[in-house]
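Quick notes on the structure that follows.
The values are calculated or read from the model by the stated rules, or taken from the named source; none is laboratory data. A quick note: this is a predicted structure, and the numbers were derived from the prediction, not measured. Neighbour counts are summed over all protein chains in view; Cβ atoms, including those assigned to glycine, are modelled from backbone coordinates with ideal geometry.
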Amino acid sequence: MPQIEIDHPYRPHDNQKKIHECDKRFIVINSGRRFGKSILVINEVFKRAVQNPGSYWIIAPTYRQVKAIYWRGLIGEYIPKEMVKKINESELYIEVKTITGETSTIELKGADNPDSLRGSALDGVVFDEYAFTKPFVWEEIVEPMIREKKGWALFISTPKGFNHFWDMSEYARNPKHKEWAYFHFTSYDNPYFDKKELDKARSKASPERFAQEYMAEFTKNAGLVYQEFDKDVHVLKIDQPEPNWVKYRSIDFGQTNPTACLWVGIDGAGSLYVYDELYRTGISTSELAHLINAKSADYYTATYGDSAAAQSIKDLAEYGVYVTPIQKTAHASREDYLKAGIEKVREFLKIQEGTGKPKLFVSSRCQNLIDEFLAYSWPEVKDDVRELNKPEKPEKAYDHALDALRYFIYEYTRPQKYEQKQYEPVDELTGY
């Protein structure tokens, strides 16, 4: 491939060069903060766009992130003006000239609006902070677009517990997967960053947080809501429900966010088994009903759903899917209701005395629920004030399948005798 010589300020350090020189189709980069990953990304995409006419995307977890980091911070600095053919700030894309005289397009996208990602085939894509992006964005939306044109993909992130980024890293590290490459760099691997600043960060951060964010080590996230969850303990291979299980379903409705539906079986000892899931974004009511019915060959005692989604519940009934709205006590605050539901889930996750086992198990096929268990976190606070300012609510992210599970467990364990006037619908905006 002929090279193009352009005078611009990017001078990659030796570890960045290793990535630029890699010829694998799929590249996974596990790096600590301040490694220089965003600068690496914009220059790698620009290099490939100049050499091969086509369509290229950079995807960050949110639209605001990708705009702040790349459009406002890096596009103007690292893409020479003489190479720009067209620029569109409202749509966040730029057309650049190529060595063949043709044109390539570089677009910036946010994974928080999955519907905006559906489109034509792609020649290449970068997922920035992939550990913080829901895996279905790659697996269901972007990967088919890459496969269509036999394109390439680069995934770069700091870790976030043992979630889907861990799974992808393990896959990429396996020498059997010839198209994949894996790199691991710590913050100390950037020679341009002052090591004294890193030593200061080490002295202030908890050991777990420093190991994860600066050393790029996969550790159990210290801020996880469900610290009790352990893949080795709670995840089982369950292909189908047992005949003697009492079966339920539970739904968390989404619009721009995914709709999550869980299938739950309960054995004679009262243990819960989440044996199937549905996790889709941008799904119509008729399609949702069709998929639920297709997965539901058995009799179901009840199907629970968020009472804030009254219209969705009504619409599903027209297709034969009848949902019981969950309720909350009238005098409970939103935080109390959420906290009570989380505590009920945690009780089922705990190892029980006498059996040495938990009372909640998840099928290995329910990957989205597993990923959320490994990512659902309390907001980060500074370590020196953590004990005095503990957060009251988790971050509103990575919680769609978990909300469906929480709805079910809350209703399943609710005392059956109550007066209807004691309850009111869940808040429409927050879902609590």
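Among the residues of region 55-90, those that are over 23 Å from residue 157 (Cβ atoms) and surrounded by fewer than 19 Cβ atoms within 10 Å (Cβ to Cβ) comprise 76, 80, 81, 82, 83, 84, 85, 86, 87, 88, 89, 90.
What tally of residues in region 206-264 results from selecting those that are among the basic types (Lys, Arg), assigned by TED's automatic domain parsing to the domain that holds residue 364 and buried (at least 17 other Cβ atoms within 10 Å of the Cβ)? Within region 206-264, residues that are among the basic types (Lys, Arg), assigned by TED's automatic domain parsing to the domain that holds residue 364 and buried (at least 17 other Cβ atoms within 10 Å of the Cβ) number 2. Residue pairs whose Cβ atoms lie under 6 Å apart, sitting 6 or more positions apart in sequence or on different chains, and linking a residue in region 219-234 that is of a type in the set (Asp, Glu) to a partner that is modelled with pLDDT of 90 or more, are 228/346; 228/349; 228/350.
Scanning region 158-188 for residues that are under 24 Å from residue 368 (Cβ atoms), buried (at least 19 other Cβ atoms within 10 Å of the Cβ) and out of contact with any strand residue (DSSP E or B) (no Cβ under 7 Å at 6 or more places or on another chain) yields a count of 4. Scanning region 224-240 for residues that are of a type outside the set (A, V, I, L, M, F, W, C) and closer than 14 Å to residue 163 by Cα gives 226, 227, 230, 231, 232.
The strands (runs of 3 or more DSSP E) located wholly in region 1-102 that include 1 or more residues which are in contact with a helix residue (DSSP H, G or I) (Cβ under 6 Å, 6 or more places away or on another chain), touching a residue at least 40 places away in the same chain (Cβ under 8 Å) and not acidic (Asp, Glu) occupy 26-31, 55-60, 93-97.
Any residue at all in region 320-331 that's at pLDDT 90 or above, assigned to a helix (DSSP H, G or I) and more than 18 Å from residue 408 (Cα to Cα)? No, that holds for no residue. Might you check whether a residue that is hydroxyl-bearing (Ser, Thr, Tyr) and within 30 Å of residue 200 (Cβ to Cβ) occurs anywhere in region 217-229? Yes, that holds for at least one residue. Residues in region 1-47 that are among the basic types (Lys, Arg), more than 22 Å from residue 194 (Cα to Cα) and either at pLDDT 95 or above or not assigned by TED's automatic domain parsing to the domain that holds residue 85 (or both): 24, 25.
Consider region 378-404 and keep the residues that are of a type in the set (A, V, I, L, M) and in a loop (DSSP other than H, G, I, E, B). The one that is modelled with the highest pLDDT is 397. Based on what the data block shows, is residue 363 within 22 Å of the chain's Cα centre (by Cα), among the polar types (S, T, N, Q) and assigned by TED's automatic domain parsing to the domain that holds residue 408? When the stated conditions are applied, residue 363 passes them.
Residues that are closer than 30 Å to residue 349 by Cα and modelled with pLDDT under 90: does region 187-205 have at least one? Taking every residue of region 187-205 in turn, at least one turns out to be closer than 30 Å to residue 349 by Cα and modelled with pLDDT under 90.
Annotation note: Cβ proximity below 6 Å between a residue of region 394-408 that is closer than 17 Å to residue 347 by Cβ and a residue that is crowded, with 21+ Cβ neighbours inside 10 Å and charged (D, E, K, R) (sequence gap 6+ or interchain) occurs for 402/372.
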